[in-house]
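The values are calculated or read from the model by the stated rules, or taken from the named source; none is laboratory data. A quick note: this is a predicted structure, and the numbers were derived from the prediction, not measured. All Cβ positions, even for glycine, are placed from backbone atoms using ideal geometry, and neighbour counts span all protein chains on display. Only protein heavy atoms, including side chains, enter the accessible area calculation; ligands, DNA and RNA are left aside. Shrake-Rupley method; radii C 1.70, N 1.55, O 1.52, S 1.80 Å.
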Amino acid sequence: MATGGAPFDVLSSLDPETFAGESRAVINFLAEYYPDVETYPVQPQSLPGCLRALLPDAPPENGEPIDVILEEVRSHIVPALTHWQSPKFFGYFSMNASTAGFAGEMLSTGLNVVPLMRAASPAATELESAVVDWMGKLVGLPDRLLFSGGGGGVLHGSTCEAVVCTLAAARDRALSRLGHEGILRLVVYASDQSHSTFQKGARIVGIPRSNFRVIRTSAASGYGLTTDSVRDAVEADVASGLVPLYLCATVGTTGLGAVDPVRDLGELARRHGMWLHVDAAYAGSALICPEFQHHIDGAELADSVSINPHKWFLTNMECCCLWVASPVALTSALSTNPEYLSNVTEESAGAGVVDYKDWQIALSRPFRAMKLWVVLRRYGGAGMRAYVRRHVEMARWFEQELKADGRFEVVAPTRFSLVIFRLRPGHDGDGDAVDGLNRKLLVAVNASGRAFMTHFVVDDKFVIRMVVGGAMTEMQHVQDTWELVREKAEEVGALP
């Protein structure tokens, strides 16, 4: 193995012997990290600037050996990370990692092809088309959203990109009827529980901020949209001369895990010519289990659906599946055909040829399909169903413990593996005091380093989110976290 340090190592930067040796060094580093990850505080108590103070002001003039670099990763960077792969990480949504996901990522990175169009890497394009159909079948999507049924799918980096692309497709479809000046009349609809990316995406594609409708939800509907509330908003806009454009239905909202009624909203969208997007970024992975597939009932009415396997499907960052019923609608909005990308081989860009550059914002793209394909091949549908169900069982156990302890309340229905709870208000019912107590509880739990959770606000209540979904999380970690929550509740003054 080369020792590094020489100024001209870069001239043989893919030397096979060096490649093998340094890759092994990185794998060995990670193989040591994962068994020890529990020993680190899940969230570090690092002050701003702590890492910058340890770094030189400029890069080295001559290269350094990989062992020196990895030692600085170990000593400077790892201690200041929030450890998303810790089995005690219960905040935000999990970002899954697995041996298969890592192997797929290594293959993708190592081959380093750029499947922007079929001619640029035929096998990568065809594998992606096959994998998104596989994934769609696993989660119970209708044929019309799959390549095999006239639709199709693409692997994006995140839901944010999928949202911008589908909004652009919906916009152009509408403006083909209205003319470009009609953009000022287009309206986008989402609930107060929908992800904020829909508002950002609407602004990016030119929808006036005043034309974004945030529709209120309530505990009565489990914080999901109701058809009546959406219908009222749509009909009021139509009466004002506006044009309903796009409706988001969410299966598993970020804050509470709420589920919108896909079929009812789909029928309403059809009546008004709206594009219906189903956002199942987190909970979509659970749809591989038959007991959860009723949440996607009505998906045949959707124009698009997105799921993030990097959240809960053992697929390392980044990987978002987007399916569309009409690939032409998407590519019409996103396609560019400069001469330097013209295909001058015998293959023609005829029917059935997919050029993924026209399914996304960027031109370049990684070989994401390799990663998801390895995960699917390595673990299979049965393995992934067992994985999801284990987390659901852990979350339900945590919920039952909360309900059995009179100091706590479960604020919203526990769906999938997300539990929403808080300390109950006292007899005086002082909302600010209760919120303050729950803030103290969350800060105390996270400051302990023994677990990490995040919060949400619903109906003006500060609540704590506990999301079970880590690849290394076992029931013992959930039980230990429950004991931690009880311990900290006593410390912050929660009355028994």
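In the list GLU105, GLU128, which residue meets the criterion of being more than 22 Å from VAL262 (Cα to Cα), crowded, with 16+ Cβ neighbours inside 10 Å and touching a strand residue (DSSP E or B) at 6+ places or on another chain (Cβ under 7 Å)? Spell out how you get there, then give the answer.
On the way: GLU105 fails: touching a strand residue (DSSP E or B) at 6+ places or on another chain (Cβ under 7 Å).
Going through GLU105, GLU128 in turn, the sole match is GLU128.
Starting from the range 49-70, take each residue that is within 24 Å of THR18 (Cβ to Cβ) and list its partners that are of a type outside the set (D, E, K, R) and at pLDDT 90 or above, counting only C-beta distances under 6 angstrom and pairs at least six apart or across chains.
Between residues of the range 49-70 that are within 24 Å of THR18 (Cβ to Cβ) and residues that are of a type outside the set (D, E, K, R) and at pLDDT 90 or above, the close pairs are ILE66/ALA25; LEU70/PHE29.
Over 22 Å from TYR379 (Cβ atoms), of a type outside the set (A, V, I, L, M), at pLDDT 95 or above and open to solvent by 40 Å² or more (accessible area, probe 1.4 Å), is that true of ARG118?
Values: over 22 Å from TYR379 (Cβ atoms): yes; of a type outside the set (A, V, I, L, M): yes; at pLDDT 95 or above: no; open to solvent by 40 Å² or more (accessible area, probe 1.4 Å): yes.
Answer is no for this residue.
Determine, yes or no, whether PHE398 is crowded, with 17+ Cβ neighbours inside 10 Å, at pLDDT 95 or above, touching a Gly at 6+ places or on another chain (Cβ under 9 Å) and over 30 Å from GLY136 (Cα atoms).
Details: crowded, with 17+ Cβ neighbours inside 10 Å: yes; at pLDDT 95 or above: yes; touching a Gly at 6+ places or on another chain (Cβ under 9 Å): no; over 30 Å from GLY136 (Cα atoms): yes.
No.
Given the condition surrounded by 10 or more Cβ atoms within 10 Å (Cβ to Cβ), within 35 Å of the chain's Cα centre (by Cα) and modelled with pLDDT under 90, answer yes or no: does some residue in the range 22-42 qualify?
No, the conditions are met nowhere in the range 22-42.
Are any residues in the range 283-316 without any contact (Cβ under 8 Å) to a residue 40 or more places away in the chain and either within 16 Å of GLU161 (Cα to Cα) or in a strand (DSSP E or B) (or both), and if so, which ones?
Those that are without any contact (Cβ under 8 Å) to a residue 40 or more places away in the chain and either within 16 Å of GLU161 (Cα to Cα) or in a strand (DSSP E or B) (or both): none in the range 283-316.
Checking the structure you have, find out if any residue of the range 269-282 is part of a helix (DSSP H, G or I), farther than 20 Å from PHE93 by Cβ, touching a strand residue (DSSP E or B) at 6+ places or on another chain (Cβ under 6 Å) and open to solvent by less than 10 Å² (accessible area, probe 1.4 Å).
Step one: filter the range 269-282 for residues part of a helix (DSSP H, G or I), giving 269-272.
If we keep only those that are farther than 20 Å from PHE93 by Cβ as well, we get 269-272.
With the extra rule that they be touching a strand residue (DSSP E or B) at 6+ places or on another chain (Cβ under 6 Å), the set shrinks to 269, 272.
Adding the requirement that they be open to solvent by less than 10 Å² (accessible area, probe 1.4 Å) leaves 269.
Checked against the condition, which is being part of a helix (DSSP H, G or I), farther than 20 Å from PHE93 by Cβ, touching a strand residue (DSSP E or B) at 6+ places or on another chain (Cβ under 6 Å) and open to solvent by less than 10 Å² (accessible area, probe 1.4 Å), the range 269-282 yields at least one hit.
Could you grab me the full set of residues in the range 213-228 that are of a type in the set (Ser, Thr, Tyr) and either more than 11 Å from ASP260 (Cβ to Cβ) or in contact with a His (Cβ under 6 Å, 6 or more places away or on another chain) (or both)? Before the answer, list the steps.
Within the range 213-228, the first condition is being of a type in the set (Ser, Thr, Tyr), and the residues that meet it are 217-218, 221, 223, 226-227.
Of everything in the range 213-228, just one residue is of a type in the set (Ser, Thr, Tyr) and either more than 11 Å from ASP260 (Cβ to Cβ) or in contact with a His (Cβ under 6 Å, 6 or more places away or on another chain) (or both), namely SER218.
A quick yes/no check of all residues on (1) open to solvent by 20 Å² or more (accessible area, probe 1.4 Å); (2) part of a helix (DSSP H, G or I); (3) among the hydrophobic types (A, V, I, L, M, F, W, C):
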site: ALA412; (1), (2), (3): no, no, yes
site: ILE420; (1), (2), (3): no, no, yes
site: GLY426; (1), (2), (3): yes, no, no
site: ALA433; (1), (2), (3): yes, yes, yes
site: ARG450; (1), (2), (3): yes, no, no
site: VAL457; (1), (2), (3): yes, no, yes
site: PHE462; (1), (2), (3): no, no, yes
site: GLY469; (1), (2), (3): no, no, no
site: GLN476; (1), (2), (3): yes, yes, no
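Residue under question is TRP84, and the condition is that it be open to solvent by 50 Å² or more (accessible area, probe 1.4 Å) and part of a loop (DSSP other than H, G, I, E, B); does it hold? Outline the logic, then answer.
Working: open to solvent by 50 Å² or more (accessible area, probe 1.4 Å): yes; part of a loop (DSSP other than H, G, I, E, B): yes.
Yes.
What residue, among those in the range 94-148 that are polar (S, T, N, Q) and in a loop (DSSP other than H, G, I, E, B), is farthest from LEU276 (Cα to Cα)? Quick ask: steps written out before the conclusion?
If we filter the range 94-148 for residues that are polar (S, T, N, Q), which is where we start, we get 94, 96, 98-99, 108-109, 112, 121, 125, 129, 148.
This time we only want the ones that are in a loop (DSSP other than H, G, I, E, B), so: 94, 96, 98, 112, 121.
Working: SER94: 26, ASN96: 28, SER98: 33, ASN112: 35, SER121: 32 Å.
If we take residues in the range 94-148 being polar (S, T, N, Q) and in a loop (DSSP other than H, G, I, E, B), then ASN112 is farthest from LEU276 (Cα to Cα).
Do you know which residues across the range 458-474 are β-branched (Val, Ile, Thr) and without any contact (Cβ under 8 Å) to a residue 40 or more places away in the chain?
Going through the range 458-474, the residues β-branched (Val, Ile, Thr) turn out to be 458, 463-464, 467-468, 473.
Of everything in the range 458-474, nothing turns out to be β-branched (Val, Ile, Thr) and without any contact (Cβ under 8 Å) to a residue 40 or more places away in the chain.
Could you say whether any residue in the range 62-76 is touching a Pro at 6+ places or on another chain (Cβ under 8 Å) and open to solvent by less than 30 Å² (accessible area, probe 1.4 Å)?
Going residue by residue through the range 62-76, those that are touching a Pro at 6+ places or on another chain (Cβ under 8 Å) are 62-63.
Pick out the ones that are also open to solvent by less than 30 Å² (accessible area, probe 1.4 Å) and you get none.
Checking the range 62-76: not a single residue is touching a Pro at 6+ places or on another chain (Cβ under 8 Å) and open to solvent by less than 30 Å² (accessible area, probe 1.4 Å).
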